[in-house]
């Protein structure tokens, strides 16, 4: 995500590191590089101009000239301005209304409205503990109705049925009545999209908005369309009182133009971002965390929160108990750790949130493929329960059988055993030094036995 922009910006900012004093001359080249980086990222020109002007003004101000490390202060200014451009603070949903609170989804065809409606339903059900009903008013694309029905069933949301022969206004009126009768907290309305903005589409969605009076009108847009995303959002904002934006496909956006333009162009906050195809891949948008990732500082807080949500509580508790009793780390434990990593988006899904990822060569990143995880799981699955509990018995003939069962080379089995042995030695060392207790306390925190506790404060 944002790889191109991130690499260009971090490379440009190295030029001011270590400067004893910032002057217009010694930041001129850096600002030009930052400007080019933003333009190549397809950030809207007015946004780029304002950004550079603000950074320059603050960098040449009295507070920087008196700073102990002007170079670091300059990077801090860029960070704060990135955060400001994207909205300064996270903007959540406003659901303070007489139930059902109506959320209207708007956007062009292919932007991901239907999938986003289901993802949002899952988010509301799981994280906000709301009862949700969904409905599709897209009578022009019958597949959209079927798709939303299937996805709603998968996420545990109630679905109000509609047909291609129905009128959109009749559909939403019936859905609103049904949501009231079923005491739904939230009604999510998926609307029809077009391949481009047109008067007919705008008139229809205006009528739906007037009939529903939604508390949230969310514009769904494909982040990979770059500056066009901000322009389209502006057109919708002129026709509808938008309350926020959902940027989809952000995980595939190497540039970042939409994320950096849409807030400043429309004046509306980005509320959620789609980070993949999975139904769980919808996250609240945090400008500060995104600015940190763009500058290759990572997003450790989001990583910790994701671990807290997705770690298997029962398995974590079992492993904690086992370690406390002084029992050895075995391949079943190793497999459990691999599975938990996969549930959090795999190796790159986790590492993408760590600082300094842009300094890692591409050829090294290519080797951090999730196929490694699948191969490791396949090897362990090919072992007998006895072999998993007693890895030291795995020798020549056993390795050959395991490799054949997993469809890998014997050397792959040997490599996994070496990796496991290194992990086991670490666990033994920690236990002998009393450090295992700290790991167990951390595991308990992740398992939800105390929420974030004091852990979150480490990263604030």
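The values are calculated or read from the model by the stated rules, or taken from the named source; none is laboratory data. Owing to the predicted nature of the structure, the values given are computational and were not obtained by experimental measurement. Counting neighbours? That spans all protein chains shown, and the Cβs are built from the backbone with ideal geometry, glycine included.
In the list 124, 108, which residue meets the criterion of being in contact with a strand residue (DSSP E or B) (Cβ under 6 Å, 6 or more places away or on another chain), crowded, with 19+ Cβ neighbours inside 10 Å and either at pLDDT 95 or above or closer than 29 Å to residue 289 by Cα (or both)?
124
Taken over segment 230-243, the criterion of being part of a loop (DSSP other than H, G, I, E, B) and more than 22 Å from the chain's Cα centre (by Cα) is satisfied by 240, 241, 242. Can you confirm whether residue 50 is farther than 21 Å from residue 229 by Cβ and at pLDDT 75 or above? When the stated conditions are applied, residue 50 does not pass them. The conditions of being touching a residue at least 24 places away in the same chain (Cβ under 8 Å) and under 24 Å from residue 142 (Cβ atoms) are met by residue 248. Applying the set (1) loosely packed, with under 15 Cβ neighbours inside 10 Å; (2) modelled with pLDDT of 75 or more to residue 417 leaves exactly one unmet item: (1). Of the listed requirements (1) over 18 Å from the mean Cα position of the chain (by Cα); (2) in a helix (DSSP H, G or I), residue 251 misses just one: (1). Taking the listed residues 158, 149, the one that is surrounded by fewer than 21 Cβ atoms within 10 Å (Cβ to Cβ), touching a strand residue (DSSP E or B) at 6+ places or on another chain (Cβ under 9 Å), at pLDDT 90 or above and within 23 Å of residue 249 (Cα to Cα) is 149, with no other qualifying. Scanning segment 391-414 for residues that are surrounded by 14 or more Cβ atoms within 10 Å (Cβ to Cβ) and not in a helix (DSSP H, G or I) turns up 394, 408. For the residues 83, 163, the requirement of being surrounded by 14 or more Cβ atoms within 10 Å (Cβ to Cβ) and either in contact with a helix residue (DSSP H, G or I) (Cβ under 6 Å, 6 or more places away or on another chain) or in contact (Cβ under 8 Å) with a residue 12 or more places away in the chain (or both) singles out 83.
Condition check ((1) in contact with a strand residue (DSSP E or B) (Cβ under 6 Å, 6 or more places away or on another chain); (2) at pLDDT below 80; (3) surrounded by 18 or more Cβ atoms within 10 Å (Cβ to Cβ); (4) over 29 Å from residue 265 (Cβ atoms)) across all residues:
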position: 16; (1), (2), (3), (4): no, yes, yes, no
position: 25; (1), (2), (3), (4): no, yes, no, yes
position: 30; (1), (2), (3), (4): no, no, yes, no
position: 43; (1), (2), (3), (4): no, no, yes, no
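Among the residues of segment 95-122, those that are farther than 12 Å from residue 190 by Cα and over 21 Å from the mean Cα position of the chain (by Cα) comprise 95, 96, 97, 98, 99, 100, 101.
Among the numbered conditions (1) modelled with pLDDT of 95 or more; (2) part of a loop (DSSP other than H, G, I, E, B), the only one that residue 187 does not meet is (2).
May I ask you to verify whether residue 119 is surrounded by 15 or more Cβ atoms within 10 Å (Cβ to Cβ) and either within 29 Å of residue 230 (Cβ to Cβ) or modelled with pLDDT under 90 (or both)?
When the stated conditions are applied, residue 119 passes them.
Looking across segment 238-260, the residues that are surrounded by fewer than 21 Cβ atoms within 10 Å (Cβ to Cβ) and closer than 18 Å to residue 102 by Cα come down to 240, 241, 243. Among the residues of segment 377-388, is there at least one that is at pLDDT below 90 and under 32 Å from the mean Cα position of the chain (by Cα)? Taking every residue of segment 377-388 in turn, at least one turns out to be at pLDDT below 90 and under 32 Å from the mean Cα position of the chain (by Cα).
Conditions tested, residue by residue: (1) touching a strand residue (DSSP E or B) at 6+ places or on another chain (Cβ under 8 Å); (2) within 30 Å of residue 80 (Cα to Cα); (3) in contact (Cβ under 8 Å) with a residue 12 or more places away in the chain.
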position: 196; (1), (2), (3): no, no, yes
position: 202; (1), (2), (3): no, no, yes
position: 216; (1), (2), (3): yes, yes, yes
position: 232; (1), (2), (3): yes, yes, yes
position: 244; (1), (2), (3): yes, yes, yes
position: 261; (1), (2), (3): no, yes, yes
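Within segment 196-229, being loosely packed, with under 14 Cβ neighbours inside 10 Å and in a helix (DSSP H, G or I) holds for 199, 200, 203, 206, 207, 210.
Tallying residues that are modelled with pLDDT of 75 or more and assigned to a loop (DSSP other than H, G, I, E, B) within segment 55-67 yields 1.
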